[in-house]
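Below: the structure, in structure tokens.
The values are calculated or read from the model by the stated rules, or taken from the named source; none is laboratory data. From a predicted model like this one, the values you see are computed outputs, not experimental measurements. No Cβ is skipped: glycine too gets one built from the backbone with ideal geometry, and neighbour counts run over all protein chains shown. Side chains are part of the model used for accessible areas, which takes the heavy atoms of the whole protein and leaves out ligands, DNA and RNA. Shrake-Rupley method; radii C 1.70, N 1.55, O 1.52, S 1.80 Å.
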Amino acid sequence: DEDQLLARMHPKTRYNIRLSERRGVTVTLGTLADLPVWHTLYLETTSRHHLDPMPLPHFEAFLRERAEHTASPVKTVLLLAHHEGTLVAGLLLALSRTRATYLYGASSHAHREVMGSHAIQWAAMRLAKAHGCVAYALFGAAPRADEAHALAGVHRFKAGFGGRLVHR
């Protein structure tokens, strides 16, 4: 249950999830029409982390593909976190019968104090659970807790949710 999921998380992660709730962050399902504003935030995020971004048509095709092929065992959704009307975080989540995978994310550095990234991951986990998933994959991170690694912050953030690192 949700209390067990929260109990497995690092105390600071639990605190930040609750802080996002107190600060009024709301998470909703997005649509294809919301993708351009999400993509702008995604470009900010990839720049901040020195990653090569994917173009907007990649994401449009991705969401269209899943929308048009209703027989697909995978459902892909866009989640958006807002604070006082401003988009502060967003993610693309793939939901299969038993597993959810966080595919792409975006977050605002300017509004990081409202913990939108924590709110949206928690909302994605809750959505996955409601969908019947028993596993939630946060996808990529640094291969180990190495502060010198370019993705050390991403590793720390994802590790806070209490999972285990799987090398592939």
*asked:* Considering only the stretch 8-19, I want to know if a residue exists there that is crowded, with 17+ Cβ neighbours inside 10 Å and basic (Lys, Arg).
replied: yes
*Residues within the stretch 154-168 that are open to solvent by 40 Å² or more (accessible area, probe 1.4 Å), of a type outside the set (A, V, I, L, M) and over 21 Å from THR46 (Cα atoms), tallied*: 4
*Out of ARG14, ARG97, report the one residue that is basic (Lys, Arg) and modelled with pLDDT under 95.*
ARG97
_Within the stretch 122-153, considering residues that are in a helix (DSSP H, G or I) and open to solvent by 30 Å² or more (accessible area, probe 1.4 Å), the one farthest from ARG23 (Cα to Cα)_ = HIS131
*asked:* Anything in the stretch 41-52 that is within 16 Å of the chain's Cα centre (by Cα) and either over 19 Å from HIS83 (Cβ atoms) or exposed (fewer than 12 other Cβ atoms within 10 Å of the Cβ) (or both)? List them, or say none.
replied: LEU43, THR46, HIS49
_I'm checking my understanding of the structure. Among residues of the stretch 103-121 that are part of a helix (DSSP H, G or I) and not basic (Lys, Arg), which one is most open to solvent (accessible area, probe 1.4 Å)?_
GLU113
_Residue check, ALA100 in contact with a Cys (Cβ under 7 Å, 6 or more places away or on another chain), surrounded by 17 or more Cβ atoms within 10 Å (Cβ to Cβ) and on the phi < 0 side of the Ramachandran plot_ = yes
*Quick one: would you say THR28 is open to solvent by less than 80 Å² (accessible area, probe 1.4 Å) and touching a His at 6+ places or on another chain (Cβ under 9 Å)?*
yes
*What do you reckon, is LEU91 modelled with pLDDT under 95, crowded, with 19+ Cβ neighbours inside 10 Å, under 18 Å from PHE59 (Cβ atoms) and not small (Gly, Ala, Ser)?*
no
*Would you be able to tell me the number of residues in the stretch 29-39 that are closer than 19 Å to HIS83 by Cβ and out of contact with any helix residue (DSSP H, G or I) (no Cβ under 9 Å at 6 or more places or on another chain)?*
2
